[in-house]
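The values are calculated or read from the model by the stated rules, or taken from the named source; none is laboratory data. Note that the structure is predicted; figures quoted are calculated from it, not measured. With ideal geometry, Cβ positions are generated from the backbone for all residues, glycine too; neighbour counts draw on all protein chains shown. Ligands, DNA and RNA are stripped out before the accessible areas are found, and what is left, the full protein with its side chains, is counted by its heavy atoms. Shrake-Rupley method; radii C 1.70, N 1.55, O 1.52, S 1.80 Å.
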Amino acid sequence: MARKTKSRVAVIGLGFVGLTTALGFARKGFDVRGYDAAERIQKSLRAGKLLFHEPHLPEQLHSLLGKKFLICDSLKEAVADADVIFYCVGTPQSKRGAADVSYLQRAIQDTLKVLTKGRKPVLVIKSTVPPGTTAREIVPLFAKAGRKIGRDIGLANNPEFLREGIAWEDFIQPDRVVIGAADDLSFNALAKLYEPFNTEICRVTRTTAEFIKSVSNALLAALVSFSNEASMIADNIGDIDIKSAFRTLHLDRRWSGAPAKMTSYLFPGCGFGGYCLPKDIAALKYAAQKAGSRTDVLGAVISANDSIAKHFVQKIVQATKPQTRIGILGLSFKPGSDDVRETPAARIVELLLKSGRKKIVAFDPMSNESYQRYFNHPIQYADSLKKLVRQADVIAVLTAWPEFRAAKKAFGKKPVFDGRYCL
């Protein structure tokens, strides 16, 4: 039985991300060639020395250098026989705050010039770039070079999730691998490369891969800033043990997935509601401002909750006409409850009515009567999902009731606006 040939890997840029990537694939048994335009970095690595501190990398470099990992003198030498080429070059912040992708563009342009004819390597962007960068700034470079992505060359995004101090563990034992690919040539090459890592592989579009990385970092930063704003509020209110308060917050069962996973909160929808969240956030903001604290993050939370309702309604309005019959599925603020206090559905219905969309029929498994009493909006109500679907031209899902997910096929070809991303 013939042995499977392992893919040959090239890594362009041998800084923190690039060197970890190169050594990681080499440790998994792949032949890896690395290149960095900075002679200082090449000279240091050839001598077995890193220009930055990162546990485990010095030992791995000493073990693999000259064997599974070779450092090349030129880009052309590095990519000559490569099946997969990773780009780990810097994308520094410009004075305006934008990411400078000129180094990435230049590296890819130079690669396209020196590639051997007849080879179909996959070029993989591991550098962190804003969503939409590959489509706008990178894909056109292939057309200019006369290369057809997916036919005679591949292009993919494969963001890194390495943490300084434990980068080696993060690379060797990843919790997931994200592959942004629009064609099978690109995806299959990367999926094969990551087989030895035995982890979940998530295939998405290239722009989605960029978005996942950017939002991941933004979320971490948002958590830090929220905590810091909360600590300032605590300082100004006084008599609050900040460390104890946050350590107690960490005891919430939801962090470990019971009774409801914290990830259920980290998921988009059409807004939060109910009796507690809107009231308590507003009260905390008021108390903080009264004590002289800034409430930038809290204010943004409230503002975003209002904006998402407007954004959702705008999508419906753009796709409908005043005479369109709009079916609303879900009136309670969450499934499993008949509570309609501060429900996002009320805000959305009000905005639809103001926009001239007055032909609205609604259904909720529990909340038809309570909603009608509480809001008295000039809309109609259906007493079953089946009847609502029959009456509506388009459907808007505002509460993620399980029976709505199960009945997706009953919607037929009618346009559906899934405000909870639950279908």
Open item on the list: Over the Cα atoms of segment 336-423, what radius of gyration and what Dmax do you get, in Å?
Closed with: 12.3, 33
Open item on the list: Please compute the per residue accessible area over segment 36-163 with all protein chains in place, 1.4 Å probe, rounded to a whole number of Å².
Closed with: 53 Å²
- [ ] Can you work out the accessible area per residue across segment 345-423, with the rest of the protein chains kept in place, probe 1.4 Å, in square angstrom?
- [x] 54 Å²
Task: Positive-end residue, segment 123-182 charge dipole about Cα centroid, Cβ charges, pick of ILE179, ALA143, VAL124 - done: ALA143
Task: Sparse-neighbourhood loop sites, trypsin sites (Lys or Arg not before Pro) in segment 99-185 - DSSP loop, at most 14 other Cβ within 10 angstrom - done: LYS117, ARG119, LYS148, ARG151, ARG163, ARG176
TODO: Kindly count the pairs of lysines across segment 1-129 whose alpha carbons are less than 19 Å apart, treating pairs on different chains or eight or more residues apart as eligible.
DONE: 19
- [ ] Report the convex hull volume per residue for segment 8-87, counting only C-alpha atoms, in Å³.
- [x] 75 Å³
Open item on the list: How large is the Kirkwood hydrodynamic radius of segment 263-405, counting all unique pairs of alpha carbons, in Å?
Closed with: 16.0 Å
TODO: Roll a 1.4 angstrom probe over the protein heavy atoms and tell me the percent of accessible area of segment 151-208 that is carbon or sulfur.
DONE: 46 percent
Open item on the list: At a threshold of 8 angstrom on Cα-Cα distance, excluding pairs fewer than six apart, so keeping six or more, what relative contact order does segment 330-423 reach in percent?
Closed with: 30 percent
Open item on the list: What lysines does LYS285 reach when the alpha-carbon gap must be under 28 Å and sequence neighbours fewer than 8 apart in one chain are set aside?
Closed with: LYS243, LYS261, LYS310, LYS334
- [ ] Run through every distinct alpha carbon pair of the chain and return the Kirkwood hydrodynamic radius in angstroms, one decimal place.
- [x] 25.3 Å
Task: Sites matching chymotrypsin sites (Phe, Trp or Tyr not before Pro) across segment 355-423 that sit in DSSP coil, with at most 12 neighbouring C-beta atoms within 10 Å - done: TYR421
TODO: Using θ = phi - 60° and the Karplus relation 6.51 cos²θ - 1.76 cosθ + 1.60, list the HN-Hα couplings for segment 237-251 in order, rounded to whole Hz, with x at every Gly or Pro.
DONE: 6, x, 6, 10, 7, 4, 4, 5, 4, 6, 5, 6, 4, 5, 7
TODO: Could you sort 66-72, 339-345 so that the peptide with the highest average Cβ count within 10 Å comes first and the rest follow in order?
DONE: 339-345, 66-72
TODO: Could you work out, for segment 86-228, what percent of all Cα-Cα pairs fall into each 5 Å distance bin, beginning at 0 Å and stopping at the bin that holds the largest distance?
DONE: 2, 9, 17, 22, 20, 15, 9, 4, 1, 1, 0, 0
TODO: Rank ALA135, ALA167, ALA209 by mean-square fluctuation in a GNM of the chain with C-alpha springs under 10 angstrom and give only the top-ranked residue.
DONE: ALA135
- [ ] Please turn the phi angles of segment 344-358 into ³J(HN,Hα) values with the Karplus equation 6.51 cos²θ - 1.76 cosθ + 1.60 (θ = phi - 60°), one per residue in order, whole Hz, x for glycine and proline.
- [x] x, 4, 5, 5, 5, 4, 4, 5, 5, 4, 5, 7, x, 8, 9
- [ ] List the GluC sites (Glu not before Pro) within segment 15-79 that fall in a DSSP loop (any state other than H, G, I, E or B) and whose Cβ has at most 12 other Cβ atoms within 10 Å.
- [x] none
TODO: Within 10 Å, count the other beta carbons around each residue, average over each peptide in 9-16, 178-185, 270-277, 87-94, and list them highest first.
DONE: 9-16, 178-185, 270-277, 87-94
Task: Length-normalised contact order for segment 160-242 - Cα pairs under 8 Å, 6+ apart - percent - done: 26 percent
Open item on the list: Give me the percent relative contact order of the chain, please, defined on Cα pairs under 8 angstrom at least 6 residues apart.
Closed with: 10 percent
- [ ] For segment 1-120, with all protein chains present and a 1.4 Å probe, just round the carbon and sulfur fraction of the accessible area to a whole percent.
- [x] 50 percent
Task: Interatomic Cα distance distribution for segment 232-334, bins of 5 angstrom, percent - done: 2, 9, 13, 17, 19, 15, 10, 6, 4, 3, 1, 0
Task: Cα-based Rg / Dmax (Å) for segment 56-120 - done: 15.2, 44
- [ ] Just the number, please: carbon plus sulfur as a percent of the accessible area of segment 298-343, 1.4 Å probe, no ligands or DNA/RNA counted.
- [x] 50 percent
